[in-house]
1. Within the range 94-106, can one find any residue that is free of Cβ contacts under 8 Å to residues at least 60 places away in the same chain and on the phi > 0 side of the Ramachandran plot?
2. So in the range 115-130, with the set limited to residues that are assigned to a loop (DSSP other than H, G, I, E, B) and charged (D, E, K, R), which one is modelled with the highest pLDDT?
3. Across the range 28-52, which residue is modelled with the lowest pLDDT among those that are exposed (fewer than 10 other Cβ atoms within 10 Å of the Cβ), in a helix (DSSP H, G or I) and of a type outside the set (Phe, Trp, Tyr)?
4. State yes or no: is Glu86 surrounded by 12 or more Cβ atoms within 10 Å (Cβ to Cβ) and either touching a Cys at 6+ places or on another chain (Cβ under 6 Å) or acidic (Asp, Glu) (or both)?
Amino acid sequence: MSTSTPLLTSADFWLSVHTVLAWIFLVLDLALLVGFVYAFRKIIKFRPHELKPGERHPTGMASPQITVFRERWEAVMRRFDLNSPEAMRFSILEADILVDAILKDSGLEGENLADRLAKVTPESIQSLNQLWKSHRLRNKLAETSEYELSAEEAQSAIQGYEAFLKEIKIL
């Protein structure tokens, strides 16, 4: 008399069920992997990208911070174009504050603009000497209320700030 094992307790039956399930899960894993790669490639273009001052987004749009800096510069120039000594004085002070904000935003550390400028090399910023001259004039204006600002000095200072902004592609 032979005893046969019931089908559900047979080792061969469970081995075949295991093999079938393994193949099903392998196909599902591959399908999910392909779906993940496809979704990742589609969504990667929407990831945020940290922009440095002057750097443009791959879509060609300017970063919001660059737009703010440009608007502030335009306000400086509108005031400067009034051609009064006080307007030119305030324009230089505002331009200096703007450049300081840009350098802070780019990650340069320091207590003030002079500290940040000291960390910049002439090789990295060609307009550094002009910027230093503009900043020194700003210091004279801030420290000495009686300082007689000539139109030529004011124009030179604004050109120094503008050269820097153009070099880093804010303008």
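1. No, the range 94-106 has no match at all.
2. The first filter runs over the range 115-130 and keeps only residues assigned to a loop (DSSP other than H, G, I, E, B), leaving 119-127.
Next, only the ones that are charged (D, E, K, R) stay: 119, 123.
Working: Lys119: 87, Glu123: 84.
Restricting to residues being assigned to a loop (DSSP other than H, G, I, E, B) and charged (D, E, K, R), the top hit is Lys119.
3. Checking each candidate, the answer is Lys45.
4. Working: surrounded by 12 or more Cβ atoms within 10 Å (Cβ to Cβ): no; either touching a Cys at 6+ places or on another chain (Cβ under 6 Å) or acidic (Asp, Glu) (or both): yes.
When the stated conditions are applied, Glu86 does not pass them.
The values are calculated or read from the model by the stated rules, or taken from the named source; none is laboratory data. This one's a predicted model, so the numbers in the text were calculated from it and none came from an experiment. Here Cβ is always computed from backbone atoms with ideal geometry, including for glycine, and neighbour counts include all displayed protein chains.
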